[in-house]
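Asker: Before anything else, here's the structure in question.
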Amino acid sequence: MAPRFALAALLGSLCYLDRTGACQLMLHRPLVVASLMGAIFGNLAAGAQIGAVLELLYIARLPVGASIPPDDTGAAVFAGTAAAVASSSIGLDGGSFTALLLLSVPFAELGRIADRYVRKVNGRIAHLTAEAVDRGDFRAVEHGLLAGLTLFALTGAVLSLAFSGAGVAIAKHLLYRFGPASRLEFAALQPVLPLLGAASVYSCSRTERTSAVFFLTMAVVFGATVFFRWSG
Amino acid sequence: MTAPVLSRKGRRSVWLRQFLIQGCWNYEGMQNVGFAYAILPALREFYAGRPEEALKAVKRHLEFFNTHPAMGAVILGAAVRLEEGVAAGEADPRSIGTFKVGLMGSLGAIGDAFFWGALRPMACAAGAILAMLHPLAGIVALLALYNGTHLVVRSRGFAAGMEGQDGAVAWLKKAALNIKTEDHKLAAAVLGGAYAGVYAGRHTVLGGDAFHAVVLFAVGVGLIRLFTALFRKAVSPSEILSFLFLLGVLILWD
């Protein structure tokens, strides 16, 4: 298990770097991160299954100005890892799937707190950089930036390690406490979660024509899906 | 004084460093350290052998700066061109600060609306739908759709900025990001609707009748309307998910 955690910390730190400090190539999106964690812990498909729903849940929260949205990367690290560990050869049951998505909320909020703290420390780094430049050392700009990047990467590695560890622990020690009957009933909440994700997309893509386009497409695709399901 | 020209190596270095503009993001100066870091190779070339002027130039770029990271490329390119003029004694150093401050707010707003409000939801919805077919198809679609535009904007924006202020403004007009924002939002709405339709349709009971399907669809639409109204009232997704979790534990857990 140790090499897997080391790999999770390494890839997690790269994804966290992509989130704010470097590039913003969307490697930090839940679909990518949960699939990666799923692959590391033995089931890419289970990770991707949970990542596809997690992907849209927080998308309406924009990282504009000084506001920091919930850490959906951290939620994906937790949920992707737990999904891979909890899944059997036939995949992840609906109840466990729903429970893991809902349990990912504290990790998204913890990640946001950590992000806020890193940015405060970066303020101190920026201040020291400005002081060094005042003294005539403008290489301090490069050192300051490197320090900021290192802080983002280290925080990402620590969070990934902690969240993937929590994922393994919850999948092994908590999920089985939901009996099969409970899991079946918990699965009743499952259809609500993708709809929450769809509402996030709807609310951040509002134009004059969005409402008509969104619900018309939903009706057509819903009709087609039902038709294909019922016609076998 | 002859105007110094940025070498190919220096230009490549500045172009690559723009990807780290948020590397030391902080609440006071925001992207200030990142911007100074990105423009540093150009300053080293322009002020070679003039350490005091170089220092003043670095300090100029350590002032508050914040815009959308991808749109920062345009400002970075134009700031390099302006520094060229200042180093040659043809421009007032204060014009650089005025230019940056004048552009960062409006470009930030345009970038936030385009990238975070339109392109990202569109790419993510496409990725989430395709991931139902195969995880890798979803990931590839998400990354390709987003970065296909993102990297082009960074590249062309930087090149336009390097042509000077007029070049930057001409490119911004030509890029018409406000129109593209509208188009991408519509595409995101189509994909978001398809995503909702697929998931709602997958939960119909096998062998059910049309009435059940209509009721399920109406419930789906009602829930989306309810969640949207809650988002507008500043209720966060975390709060909604926590409520659902409590509901699940209290009512459904035997």
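No lab work stands behind these numbers, since they all come straight from the coordinates. Everything quoted here is computed from the prediction, not taken from an experiment. Here the Cβ is made from the backbone with ideal geometry for all residues, glycine too, and neighbour counts use every protein chain on show.
Asker: Using the Kyte-Doolittle scale, which helices in chain B average at least -0.5 and also have C-alpha atoms spread 18 Å or more along the helix axis, with helices defined as whole DSSP H runs?
Answerer: Helices passing the filter in chain B: B:32-46, B:72-87, B:94-111, B:135-162, B:177-202, B:210-232.
Asker: Span-like helices, chain A: DSSP H, alpha-carbon axial extent 24 Å or more, mean Kyte-Doolittle -0.5 or greater, which ones?
Answerer: Sorted by number, the helices that extend far enough and score high enough are A:2-19, A:105-134, A:140-173, A:210-230.
Asker: Something else about it: Given contacts defined as C-alpha pairs under 8 Å and at least six residues apart, what's the relative contact order of the stretch B:1-84, whole-number percent?
Answerer: Across the stretch B:1-84, relative contact order equals 34 percent.
Asker: Using just the helices of the protein assembly as shown, give the 222 nm mean residue ellipticity in deg cm²/dmol: DSSP H runs with n ≥ 4 each add -39,500 (n - 2.57), and the total is spread over all residues, rounded to 500.
Answerer: -24500 deg cm²/dmol
Asker: Can I ask one more? Dipole of the protein assembly as shown (Lys/Arg Cβ +1, Asp/Glu Cβ -1, origin at the Cα centre): which of B:H61, B:A126, B:L250 lies farthest to the positive side?
Answerer: Projecting each Cα onto the dipole axis, the largest value belongs to B:H61.
Asker: Take A:E55, B:E83, B:E239 and order them by how many other Cβ atoms sit within 10 Å, fewest up front.
Answerer: Placing the least packed residue first, the sequence is B:E239, B:E83, A:E55.
Asker: Further, regarding this structure: Over chain A, what is the relative contact order in whole percent, taking alpha-carbon pairs under 8 Å and six or more residues apart?
Answerer: With pairs under 8 Å counted, the relative contact order is 27 percent.
Asker: Using 24 Å as the Cα-Cα cut-off, could you pick out the over-long pairs in B:K56/B:K173; B:K59/B:K173; B:K185/B:K233?
Answerer: Listed pairs above 24 Å: B:K56/B:K173; B:K59/B:K173.
Asker: Here is a follow-up. Under a Cβ-only charge scheme (Lys and Arg +1, Asp and Glu -1), can you give me the dipole magnitude of the stretch B:173-222 about the Cα centre, in debye to the nearest 20?
Answerer: The dipole magnitude comes to about 380 debye.
Asker: Another question, if that's okay. What relative contact order, as a whole-number percentage, does chain B give when Cα pairs under 8 Å and 6 or more residues apart are counted?
Answerer: 17
Asker: Can you put B:R154, B:R225 in order of Cβ neighbours within 10 angstrom, beginning with the fewest?
Answerer: If I rank by nearby Cβ atoms, fewest first, I get B:R225, B:R154.
Asker: Turning to a different aspect of this structure: Distance between Cα centroids, the stretch B:73-122 to the stretch B:160-178: provide it in whole Å.
Answerer: With the stretch B:73-122 and the stretch B:160-178 each reduced to a Cα centre, they are spaced 10 Å.
Asker: Next up: Cα gyration tensor of the stretch B:14-92, axes a ≥ b ≥ c as square roots of the eigenvalues: rounded (a/c below 1.5), prolate (a/b > b/c) or oblate?
Answerer: Prolate is the answer for the stretch B:14-92, as a/c is 1.5 or above and a/b outweighs b/c.
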